[in-house]
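Structure record follows, encoded as C-alpha cells.
The values are calculated or read from the model by the stated rules, or taken from the named source; none is laboratory data. Here the structure is a predicted model, which is why all the values come from computation and not from measurement. As a convention, Cβ positions derive from the backbone with ideal geometry for all residues, glycine included, and neighbour counts pool all protein chains shown. Quick note on the areas: whole protein, heavy atoms, side chains included, nothing else; ligands and nucleic acids left out. Shrake-Rupley method; radii C 1.70, N 1.55, O 1.52, S 1.80 Å.
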Amino acid sequence: MTEQPLEYDFPELKHLVSERALKGETVLLNMGPQHPSTHGVLRLLLELDGEVIVNCIPDVGFLHTGIEKNMEAKRWELAEVMTDRTDYLNNTGNNLAYCLAIEKLADLDVPPRAQAVRVILAELERISNHLVWLGTQALDLAAQSMFLYCFRERESILDIKELCSGQRMMTTFFRPGGLWRDIPAEFEIAVRRFLRMFPGRIKQYEALLTKNPIFTDRTKKIGRISADQAISLSLTGPVLRGSGVAYDVRKAQPYSGYEQYDFVIPTGTHGDVYDRYLVRIEEMRQSLRIIQQALDKLPLGPFRSNNRKYVPPPRAELGTSMEAVIHHFKLWTEGFKVPKGATYLPVESPKGELGYYLESNGGNQPYRIHMRTPSFLGIQALPVLAKGHLVADLVAIIGSVDIVLGDCDR
C-alpha cells in the first residue's frame, strides 16, 4: 500500500501572510505556544525577512476554559469565585467588576466603608500587577535583579491581602453589597507601612532602568503605535495612555467613589515601549496617592449592605430573630434572585478597561455573562506593534502590552 503525502492547503488563511511567503521568499516561524517570553500559552506565527518581522499573526485559545458558560451554571454569588481565575494578576479587580455589575443590576447599595476598602485593595492590586509586569519586562531584556526587587515588594501586598481574606491571591474578598468581612485592625498599620516604604523603591527601579542605555536602546522607538491606531484597535489602559490619550475609566465613568480622590492620568508622547514603561511607573505613584487619601478618611460603619434579600444577616441576629434565620437559610440554599434585565459595568484594571456584561432572566443564576478583557484586545494589536521590527524586539513588545492568557482566552 502506497502512502500518500499529506498536503495542507488553507486558502482562507493565505491572506494573513504576504505574497512573498507563498513564493517561499520569506520564512514562516512559530513562536510559542510554549515560549517564556510570550507570557503564557500564546502562539505567534511570524513571517520573517531575515530577522525583520513582515507579519505577526497571533493564535489564541490554548487556555480557553469556558469560564463564562460555567459561571452561567452557578448561582450569582457562587459564580464570583471564577472571576478570580481569569487574570491571576488582578483577582480583586475582577471581583470588583463582577460585584459592581450585580449591584447595578439589582440596585444594591454598598456602604461607604466598603467602597473605600475596595478602592485601597484595587489600587494595591494595580501596584502588584505593575510590579510583576516591571519585573518580567526587565527580565525579558536581561535585567535579572529588577525581577527580584519587584517580587520582594509584591510580597508585602500579598501579605495585606492575606491579612484581610486569609488568601494571598484568590481572595473573593469583595462580595455583592460590600465585603466578605470587615478589615482587621492590623490592616491600616500594614498599608501605612507600605505607603512609607514603596516611594523609595520606585526611585530604586528608576535608578536602575530609566536612563540605563541598554534598557533605553531596547525600548525607545520600539513597538510604536499612534493614538488614532490605538483607539481604532479599542486599546485602553497604559498602552493607550502611552500613545498620549488620557482615558481612564476611573475618571471617565467613576465607580466606588473614585470621583472624590485627587489623582492625575499619566500619558506618553511617542507610544513606544519606553513610554508605556514610564506611564506604569507613574501610575504606581498615583495609586499610592489614592490609597493615602482613602486611608486618611476611611469611614467607620457597616462593611456590607443590610439588604437581606441579597446579603446574609450577621451571625449575632440568628439567635434572636426568626426572620434572620429564614433569610440565612434561603440565601444559602437558593441564592438571591436578580431582577430581569441586562447591564455592562467597566472598571479600570491595571491592563485597561475590564468590563462585565451581565444579563438576568429574573432567576438565581446569570442568564448570560460576557467579559471585555484588556488582554484579548492587547494581543490583537501585536501585528501593528511588531511589524518592521527585529525578532529580538518582539520580546520587549509583547511584555510592554502586559498580557495574561487566562484573561484573553477565559
*Search result, residues across segment 229-245 that are outside any helix (DSSP H, G or I) and surrounded by 23 or more Cβ atoms within 10 Å (Cβ to Cβ)*: LEU235, THR236, SER243
*Tell me, please, whether a residue that is in contact with a Phe, Trp or Tyr (Cβ under 9 Å, 6 or more places away or on another chain), open to solvent by 10 Å² or more (accessible area, probe 1.4 Å), in a helix (DSSP H, G or I) and of a type in the set (A, V, I, L, M, F, W, C) can be found in segment 87-98.*
no
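What about GLY335, is it of a type outside the set (Phe, Trp, Tyr), within 26 Å of the chain's Cα centre (by Cα), crowded, with 16+ Cβ neighbours inside 10 Å and under 30 Å from TYR258 (Cβ atoms)? Break it down into steps so the answer makes sense when it comes.
Numbers: of a type outside the set (Phe, Trp, Tyr): yes; within 26 Å of the chain's Cα centre (by Cα): no; crowded, with 16+ Cβ neighbours inside 10 Å: yes; under 30 Å from TYR258 (Cβ atoms): yes.
Spelling it out, it is not the case that GLY335 is of a type outside the set (Phe, Trp, Tyr), within 26 Å of the chain's Cα centre (by Cα), crowded, with 16+ Cβ neighbours inside 10 Å and under 30 Å from TYR258 (Cβ atoms).
Criterion first (over 25 Å from GLU80 (Cα atoms) and touching a helix residue (DSSP H, G or I) at 6+ places or on another chain (Cβ under 8 Å)) does LEU390 satisfy it? Don't jump to the end; show me each part of the working.
Working: over 25 Å from GLU80 (Cα atoms): yes; touching a helix residue (DSSP H, G or I) at 6+ places or on another chain (Cβ under 8 Å): no.
The answer is no for LEU390.
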*Could you grab the pairs with beta carbons closer than 8 Å, sequence gap of 6+ or different chains, first residue in segment 186-207 and farther than 12 Å from MET284 by Cβ, second one among the charged types (D, E, K, R) and open to solvent by less than 90 Å² (accessible area, probe 1.4 Å)?*
ALA190/ASP159; MET197/GLU153
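Tell me the residue from VAL60, VAL54, VAL41 that is β-branched (Val, Ile, Thr), open to solvent by 40 Å² or more (accessible area, probe 1.4 Å) and either modelled with pLDDT of 90 or more or within 19 Å of the chain's Cα centre (by Cα) (or both), please. Steps first, please.
Working: VAL54 fails: open to solvent by 40 Å² or more (accessible area, probe 1.4 Å); VAL41 fails: open to solvent by 40 Å² or more (accessible area, probe 1.4 Å).
Answer to the check: VAL60.
Pick from ASP87, ASP107: which is modelled with pLDDT under 95 and within 16 Å of the chain's Cα centre (by Cα)? Let's see the steps before the verdict.
Working: ASP107 fails: within 16 Å of the chain's Cα centre (by Cα).
Every option except ASP87 fails the conditions.
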_Quick test of your reading of the structure: GLU77 fulfils all but one of (1) in a helix (DSSP H, G or I); (2) under 17 Å from GLY363 (Cβ atoms). Name the failing condition by number._
(1)
